[in-house]
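*Asks:* Let me begin by handing over the structure; questions about it come next.
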Amino acid sequence: MEALGVKAVVDPQLTALVLAWVAGGAALGTLTGLIPGIHANNVALVLASIAPTLPGLPLGVGVGILSAGVVHTFVNVVPALALGVPDAETAATTLPGHRMVLAGRGGEAIRLSALGSGLAVVAAVPLAMPLTRGVTAVYPTLSANVAIVLGAVLAGLVAAESGFRARAGGALAQAASGALGVVALDADPAAPLEAGGMLAPLFAGLFGAPVLLEAMEGGGVPRQTGTAVRSSRLRVALTALAGAIAGAVVGYLPGISAAIAAVAVLACVPGGDDDRAYVVATSGVDTANAIFALVALVALGRPRSGVIVAFERTEAPLTLAVLVPCVLLAGVVGFLVTLWVGDRYLQLVGRLNQRRLSTGVLLLLGVLSGLFAGWIGVVAFVVAAAIGLVPARAGARRVHLMGVLLVPLLVSSA
């Protein structure tokens, strides 16, 4: 470097501080990822609110929040697979991944998810600039036609179902969850935790509670028979790459979730309509979205996730030369932690009494709903749980329940 007239300057004290915040954020993201019903956004907003009292520079606090968000996108698949309790990002993964667990392939599902997230991190960095230019160019047109885009997504999800019963069930799930979203999302409940909100009880009810209710009569997590990935390397790589590209779109467009983007990805990947591809695609979209949301903040000046909102509140500088390497490091940590924790989590859950475990998790979700959104959150959780039973009864995919976000946005943008 010096021969080229460029001298690299490294501040040991700043480097140590930043690495310490990456480690702290990774630990926080692991914790939030492993507890069903807890989202990194909630903890990130708490951390941002107390940021002025924390030791270190705002840059360090910002790095910790970003690291927590990235690691959470890796680890949150573990309780989603073992318990069937997702957050907003892993909602689409839950049923396909849970089927793999019930077939004894939970170890493989965990590795597929880790690969999907890890490869998305690797792909997101070189793709960041060209995709940013492309999305920025079409952003005004897309923003002006959000209602058309969302309407097409909702109609496409129904059309993708096979048979009248499944299509009718999907449409009913969209309408019911959408109506719930219209009523509940704008609520401003008085809750014990300031960093709460209505998303936690809504998603816990729509996607988590139905699985737990059904699991009470089941035999629990069966013995897991293998961890080898049965998809080809090329197919995993292509699916993860498609997920990373979709994650960029999610990072720039409001209202389109990782679950919805994953459905679009699977339509474009040959042979993508199976559980393995679903896990890879959704994990890739989720993690890439966490990275592109940061790039979107730089390019558009608008936060696209709760973690990025929390990052903004720290008033940390947008120093991508520091933030991007930290995000990559957090991705490596998330990959390793997921592999190490995942199998042990499945073994632990498999040894517990399923009825007691499901009842305990349901009670935990109810308590969290109250903490995040007060009594309104508890009511929303119960109503959402009832609506969440519709797709399974009709033989439709539960991704239709994402109407809880899409329909309110469609109504507001129409």
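The values are calculated or read from the model by the stated rules, or taken from the named source; none is laboratory data. Predicted model only: the values in this text are computed from it and were never measured. We place every Cβ from the backbone using ideal geometry, glycine too, and count neighbours over all the protein chains shown. Keep in mind that these areas ignore ligands, DNA and RNA; they rest on the heavy atoms of the full protein, side chains included. Shrake-Rupley method; radii C 1.70, N 1.55, O 1.52, S 1.80 Å.
*Asks:* Ignoring ligands, DNA and RNA, what percent of the accessible area of segment 292-382 is carbon or sulfur (1.4 Å)?
*Replies:* 68
*Asks:* How large, in percent, is the carbon and sulfur part of the accessible surface of segment 134-176 at a probe radius of 1.4 Å?
*Replies:* Result for segment 134-176: 73 percent of the exposed heavy-atom area is carbon or sulfur.
*Asks:* Per residue, how many Å² of accessible area does segment 279-399 show with a 1.4 Å probe?
*Replies:* 42
*Asks:* Same structure, new question: In square angstrom, what is the accessible area per residue of segment 102-181 with a 1.4 angstrom probe?
*Replies:* 43
*Asks:* Now for a different question. When ranked by the protection proxy of mean other Cβ atoms within 10 Å per residue, highest first, what sequence do the peptides 68-81, 383-396, 99-112 form?
*Replies:* The peptides rank, most packed first, as 68-81, 99-112, 383-396.
*Asks:* Another question, if that's okay. Please compute the net charge surrounding GLY342, taking Lys and Arg as +1 and Asp and Glu as -1 over other residues with Cβ under 14 Å from its Cβ.
*Replies:* +1
*Asks:* Want the number for LEU31 to ARG165: 0.36 nm per residue separation, take away the alpha-carbon distance, what's left?
*Replies:* Working it through step by step, the gained length comes to 44.2 nm.
*Asks:* What distance in nm separates the two pseudo spin-label positions at ALA147 and LEU57, each 7 Å out from Cα along the beta-carbon direction?
*Replies:* In this crude spin-label approximation the distance works out to 4.7 nm.
*Asks:* Between LEU102 and ARG356, what is the spin-label point distance in nm, taking each point 7 Å from the Cα along the Cα→C-beta axis?
*Replies:* The modelled label-to-label distance comes out at 2.4 nm.
*Asks:* Counting only protein chains, not ligands or nucleic acids, how are SER231, SER412, SER358 ordered by accessible area (probe 1.4 Å), most first?
*Replies:* From most accessible down to least: SER412, SER231, SER358.
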